[in-house]
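Reviewing the structure listed below.
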Amino acid sequence: MPDIDTFLAFYVAVLAIQLSPGPDMMLVIGRGVGQGRRTALLNAIGITLLAGAIQISLLILGVASLLQTSPLAFDILRWAGAAYLVWLGAKLICRADRHGGGAGAAAQSISTAAALREGTINNLTNPKALVFLFAFLPQFVNPESSWPVAVQLLVLGTVTKLSNFVILSSVAVGAGALGGWLSRRPMLIAWQERFAGIVMILLGLRLAFSGDARAAR
C-alpha cells in the first residue's frame, strides 16, 4: 500500500475532484430539489456504490489500460455521457413546460429502480470519474508492496467511492430540504427544473464538443 504521505496526497486529490461541481453533483442537486431527498439519496447510491462496484471490478480486470491506450474507446464513453446528460436535461425542461408552473408542478418522486439506474448510468458515462479511476488512481499503486496490486486497487477505489458517497449524500440531504420548501411553491419548482435542465444540457454539450474529459470537472 502507499505510505501515509502518499495516501494523504491521494485523498486530497480525491476531495478536490469530488467537491468540484460536475454531472454527478448536478444530478443529485437537481433531483433533490425537484423530487426530494429520497430520490437524491438513491441517485447518490447509484453514482457511488453501484457504479463503483462495476468500475472497480473493471479496474482490477485491467480495463483501465484499454481506455488509456484507446482514444476511440474513451471518446465513445464521453459521447455517451454527453448524450445522456442532454437527454436528462431535456426531460426536466419538458416536464417543467408541461406543468406550466401550475399545481401539477409539485415534486413527483421517481421509482427506486429508476433513481438507482439513473445515478449508475450517469457515473458510468462520466469522464471525470473514469479519468480519475482509470488513469489517476493507478499511479498511487506500489508494485513493490507486499500487498497484491489488485488489493491495492480495491482499497483505493473503495476509499474513493465511499468518500464520494458521504459528500453526495450530504448534498442530497441539503437539496432535499430545499426541495421540501419549494414543494409549497410549485411555480419555483417549474423554474428550478428548467434551470437544472439547461445546466445539464450545457454540461453535456461542453463535454461532447470539448474533446477533453477535464471539461466535465
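Miscellaneous remarks
- Options ILE167, ILE121: the member that is within 27 Å of ILE76 (Cα to Cα) and either open to solvent by less than 60 Å² (accessible area, probe 1.4 Å) or modelled with pLDDT of 75 or more (or both): ILE121
- Out of LEU88, LEU72, one residue alone is open to solvent by 50 Å² or more (accessible area, probe 1.4 Å) and either within 30 Å of VAL149 (Cβ to Cβ) or at pLDDT below 85 (or both). It is LEU72.
- Qualifying residue in segment 98-109 (condition: closer than 20 Å to ARG206 by Cβ, among the charged types (D, E, K, R), open to solvent by 50 Å² or more (accessible area, probe 1.4 Å) and modelled with pLDDT under 90): no
- Flag if THR160 is under 30 Å from LYS91 (Cβ atoms) and surrounded by fewer than 14 Cβ atoms within 10 Å (Cβ to Cβ): no
- For segment 124-150, taking the residues that are open to solvent by 50 Å² or more (accessible area, probe 1.4 Å) and within 17 Å of ASP3 (Cβ to Cβ), the one that is modelled with the lowest pLDDT is identified as PRO143.
- Single residue of segment 1-26 satisfying the filter (among the small types (Gly, Ala, Ser) and in a loop (DSSP other than H, G, I, E, B)) that is surrounded by the fewest Cβ atoms within 10 Å (Cβ to Cβ): SER20
- Of the criteria (1) modelled with pLDDT of 85 or more; (2) open to solvent by 30 Å² or more (accessible area, probe 1.4 Å), which one GLY52 fails: (2)
The values are calculated or read from the model by the stated rules, or taken from the named source; none is laboratory data. Note that the coordinates shown come from a computational prediction; the quantities given were computed from them, not determined experimentally. All Cβ positions, glycine included, derive from the backbone under ideal geometry; neighbour counts span all protein chains shown. Calculation scope for accessible area: heavy atoms of the full protein, side chains included, ligands and nucleic acids excluded. Shrake-Rupley method; radii C 1.70, N 1.55, O 1.52, S 1.80 Å.
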